[in-house]
Every structure is written in C-alpha cells, then in structure tokens.
Amino acid sequence: ELIKVNIEAAKKQVADKTDSFYTSNLTPPQGRQIVIAVDQVNIRPGSLRPVLDAAARFLDMLSPLDQVAFIAYPEPGPRVNFTNDKLRLKRAMQGLVGQQPRARPGTYNIGVSEAINMEERRDQIVLAAVVMRECRSNDPRQLAQCERDIMSESSQIARNSREDADISLRGLQQLLEQLAYVDGPKSLILISEGLATSETNDMRHLVRLAGAARTAINVMSVDLRRGDVTVAEQPPTEAEDRRILMQGLEAIASMSRGSLYHIAGTGEPIFERLASEISAYYLLGVEQKPSDLVGDRHRIDVEVRRNDVTIRSRQAFVLSPSRTAKRSPADNLRDALASPFAISGLPLRVTTFAQQDPGTDKVRLVIAAQIGETGAKPGKFTLGYLVIDDQNRIPASFGGEVALTPGAG
C-alpha cells in the first residue's frame, strides 16, 4: 500500500473549521510522527546553532497534521512531546545549550584509536610509536616513566570513550523504549557527533527496540571538533578516531531502515532530502508460515526491478508473541493518555466549555464527552483524563471507575 503525504490537502483540512467545536478519534490520524533527537555527549554549548536553525526550517516543510517531538539527551536538556505547535518546537531548539565535553587527561597528544589499541589490545607497536613521538628524553629512567605515564593516560582516554558511548546508548535505548508505547510508524532524526562502540549485542538490542517502536533512524553526523580554534592541538590519528566514532552510528542507521549523513555546514540540503524521503513510503504485508515460529529473528529482503534505486527496509522481522499478558484497565488507560494520537478502538467525541469562575480569577473548564456507540448498555468503565498546559505541566487529572449510562435517545 502506497502511503503518501498530501501537504496541500492537509492545509485545507486544518483551515476547515466546520467540526472545530469538538474533537474525535472516529477518523484515523492523517499526520506523520517525527522525532528530532540530539545526542548531547561531547557537543559544546552553542556549537549546534546552525544545524538547529536548519532543523527549524525543516519544520516548515512538514504538513500541519504532522506531530513532531524534540528531545535532547542525556539530561538536562529540552524535551517537547509530540505536537504540531511548530513555534514551541523552535523555541525548544533555540533553548538547547549543550554540555561541555570533558577535558582531555594529561599532557600527551594521544589519539583515541591509539589509546584503545594500547589499553584494550595491548598493542606494543602502537605503544612504541607513541613513546617515540611523545617522549623527549634519552635517559632510560625518564623514558620508562614517560612510558608509564602514556599507558596511564591512554587508559583514562579509553575509559572516557567507553563511558561516553554508554551514556549515548542508554539515552537512545530509553527513547526507543518510550516510542514503543506510541502506535504507528515513526521517523527518528538523530543528530550526533559519534558513537564509539562495536558491541554487536548493543547494536542488536537497539535494532530490536527500533523494530518494536516501528521507528526508522536517520543519523546526521556532525564533526564539531574539526576546525575548532579552542583545541590547541589536533589528535595525531584524527581520521582513525573519526572512523571509531562513526562505526556505531553506521550500524544503527543501516539496520533500522535509515541512512547516515555527514553534515557539512548547516546540513540544510540533508533536511530537504529527508523531507522528500519521508513524504511517501510503501507499507508491505508479510504472510506468516508455520516454520516462521522457529527462531526469534528472520531475515527479510526487499527488492524492485527498477535500476538506480536505493531501498530502505528492515533486514529482519520478529514475530510478536501469540499470547500477551493480560493488562489491567488502569495500564491500558495510562498508555492511551500517554499516546499523542487518537486511539480508534473506543469511539469518542469530546468538547470543552470555559467559563469564568464566579468570585475568583480562575477559569472553570467543563469537559463533555460522548463515549461508545449508539445502543451501548450501561455499565462501569475506567475513565480518565489529563489537562496539560503550555509548559507541559498537569494542572488537573482524574482516573477511576465510573458508571456510565446511555443519554436520552
């Protein structure tokens, strides 16, 4: 099935105020779900401004029915849940400060790849080359001390690299776990400087999470340290260090139906290309065979007969368990309220009336709802609502079991 976004039709739909006096989930949502995420590890304060300005212009290319979320991790950082309020998203992007990268340890100029080779692989050839380059003395005792200092500093550099990668992985994993509760396909645009990991288990876990969340990840790689005038000395293995930072991002993008893009300048052409790519896609159905029940992951290949076409599709599929644990009504209610999109399983029409509260400066908000279909029998239902203000706070909420009866007629 070809799913195609018609931006002009969406604008006409938004401009039509005929049914604006109530909201309903009787019709399926027409917008896309897009997440713009920023991995703040090693991103200097203010250095992302040109890229985020291009991301703000990218919002103007989207349909008014699209729901966009903006998240920066690890905390602290701005976080805007799915919304079509583009002004709010742009303000959040402008408010991204970034986090100061940790200072390089010691006084020697040692590349990350050199540190990893010396610390994790005990590479004596690399150690000898670094000692020859960095140690300025011919005294055997001073040379031995210099070698010990280099090993100690290399250990710290390698440890810092692992810690940064772990922080980035945890942030991305938590984001994908949260997206799994939101129904429908999603596009994640990840802005990152690198992910120095080659652990296949971590990568497979991320890909499984992306599949469960129905999320395609496109990675925009920024190299904010290259050409930075505040860095007194460039690392001796800059190209190799960059390759280590890229290997994790390449794996995530290729295995989750996305691509890796290297940003030069503001990255505006890349945002324009992504706007074009996510404007349409084909939804494929797969027929299950009895043999598919064996094993947890199954390879899947998609190809077309046209030439010079790049196909982005999942490389494997996982069958959902046939039996799922029974969930309480409260759990279902919580997930429904957390979802930014309408859930069509229960017909619902809602409207609100705002009135000045007599004798106070407060506003009384009355919520009226028509729940269920005509002819429904009276009974007890788990009912809940959340009222969220423009600061993402919850001034009012309710949840509990109530008795509902059919209205007149």
Legend entry - C-alpha long axis of helix 329-338 to longest principal axis of the chain, angle in °: 70 degrees
Legend entry - Additional length obtainable on full extension of the chain from residue 396 to residue 273, 0.36 nm per residue less Cα span: 40.1 nm
Legend entry - Accessible area in the full protein assembly, largest first, 1.4 Å probe, for 337, 190: 337, 190
Legend entry - Computed magnitude of the charge dipole of the chain (debye, nearest 20; Cβ of K, R +1, Cβ of D, E -1): 960 debye
Inset, instruction - Could you pull out every one of the lysines with an alpha carbon less than 24 Å from that of residue 90, ignoring same-chain neighbours closer than 8 positions? - result: 11, 12, 186
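With a 1.4 Å probe and every protein chain left in place, work out the accessible area per residue of the chain in Å², rounded to a whole number.
Working: 25410 Å² over 409 residues.
For the chain, the solvent-accessible area averages 62 Å² per residue.
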Legend entry - Given (1) 67, 57, 56; (2) 100, 65, 42; (3) 67, 45, 41, the label whose value is Cα extents along the principal axes in Å derived from this model: (2)
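Classify segment 102-154: rounded, prolate or oblate, from the alpha-carbon gyration tensor (a ≥ b ≥ c, eigenvalue square roots; a/c under 1.5 rounded; otherwise prolate if a/b is larger than b/c)?
Values: a/c = 2.00, a/b = 1.32, b/c = 1.51.
In terms of gyration-tensor shape, oblate.
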Inset, instruction - Would you mind telling me which residue in 68, 130, 38 has the biggest mean-square fluctuation in a Gaussian network model of the chain, where springs connect alpha carbons within a distance under 10 angstrom? - result: 130
Inset, instruction - With both partners inside the chain, how many of the DSSP beta bridges are antiparallel, as a percent to the nearest 5? - result: 55 percent
Legend entry - Under-5 Å amide H pairs with residue 35, H placed in peptide plane, nonlocal only: 69, 187, 188, 189
Inset, instruction - Apply the Karplus parameterisation 6.51 cos²θ - 1.76 cosθ + 1.60, with θ equal to phi minus 60°, to every residue of segment 163-179 and state each ³J(HN,Hα) to the nearest whole Hz, in sequence, with x for glycine and proline. - result: 5, 4, 5, 5, 4, 5, 4, 4, x, 5, 4, 5, 5, 5, 4, 5, 5
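Could you check how much of the accessible area of the chain is carbon and sulfur, as a whole percent, using a 1.4 Å probe? Show your work: numbers first, answer last.
Working: 12990 of 25410 Å².
Solvent-exposed carbon and sulfur of the chain make up 51 percent of the total.
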Legend entry - Amide hydrogen neighbours beyond the local backbone of residue 111, cut-off 5 Å, H modeled: 237
Inset, instruction - Specify which residue in the list 279, 81, 407 is farthest towards the positive end of the charge dipole of the chain, using unit charges on the beta carbon of Lys, Arg (+1) and Asp, Glu (-1), about the Cα centre. - result: 407
Legend entry - Choice from 208, 334, 170 showing the highest fluctuation, given a GNM over the chain with Cα pairs closer than 10 Å: 334
Inset, instruction - Run down the aspartates and glutamates and flag those whose C-alpha is under 14 Å from the C-alpha of residue 4, throwing out any fewer than 8 positions away in its chain. - result: 66, 277
Inset, instruction - Mind giving me the nanometre distance, one decimal, between the label points for residue 155 and residue 180, set 7 Å out from Cα along Cα→Cβ? - result: 3.8 nm
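Restricting attention to segment 116-166, which trypsin sites (Lys or Arg not before Pro) occupy a DSSP loop and are surrounded by at most 11 other Cβ atoms within 10 Å? Before the final figure, lay out the partial values.
Working: sites: 121, 122, 133, 136, 141, 148, 159, 162; in loops: 121, 122, 136.
Within segment 116-166, the qualifying trypsin sites (Lys or Arg not before Pro) (loop, at most 11 other Cβ atoms within 10 Å) are 121, 122, 136.
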Legend entry - Calculated from backbone phi, Karplus (6.51, -1.76, 1.60) coupling profile of segment 203-211 in Hz, x at Gly/Pro: 5, 5, 5, 4, 5, 4, 5, 5, x
Inset, instruction - For residue 346, tell me the accessible area in Å² from a 1.4 Å probe, rounded to the nearest 10. - result: 90 Å²
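Between residue 313 and residue 86, 0.36 nm times their residue separation minus their Cα-Cα distance comes to what?
Numbers: separation 227, 0.36 × 227 = 81.72 nm, distance 2.94 nm.
Extra length from residue 313 to residue 86 when fully extended: 78.8 nm.
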Inset, instruction - Run the quick spin-label model on residue 12 and residue 214: label points 7 Å from Cα toward the beta carbon, then report their separation in nm to one decimal. - result: 2.7 nm
Legend entry - Fluctuation leader among 189, 311, 150 - the chain, Gaussian network, Cα springs under 10 angstrom: 311
Legend entry - ³J(HN,Hα), Karplus 6.51/-1.76/1.60, whole Hz, each residue of segment 245-260, x for Gly, Pro: 5, 8, 5, x, 5, 4, 5, 4, 5, 5, 8, 10, 6, x, 9, 9
Inset, instruction - Mind giving me the nanometre distance, one decimal, between the label points for residue 60 and residue 306, set 7 Å out from Cα along Cα→Cβ? - result: 3.0 nm
Legend entry - Potential lengthening between residue 330 and residue 124 on full extension [0.36 nm per residue; Cα-Cα distance subtracted]: 68.1 nm
Legend entry - For segment 76-186, projected area of the alpha-carbon convex hull averaged over all directions, nm²: 10.2 nm²
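The values are calculated or read from the model by the stated rules, or taken from the named source; none is laboratory data. Since this is a predicted model, take the numbers as computed values, not measurements. When we count neighbours, we look across all protein chains shown, and the Cβ atoms used for this are built from the backbone with ideal geometry, even at glycine. The accessibility values were calculated without ligands, DNA or RNA, using every heavy atom of the protein model including side chains. Shrake-Rupley method; radii C 1.70, N 1.55, O 1.52, S 1.80 Å.
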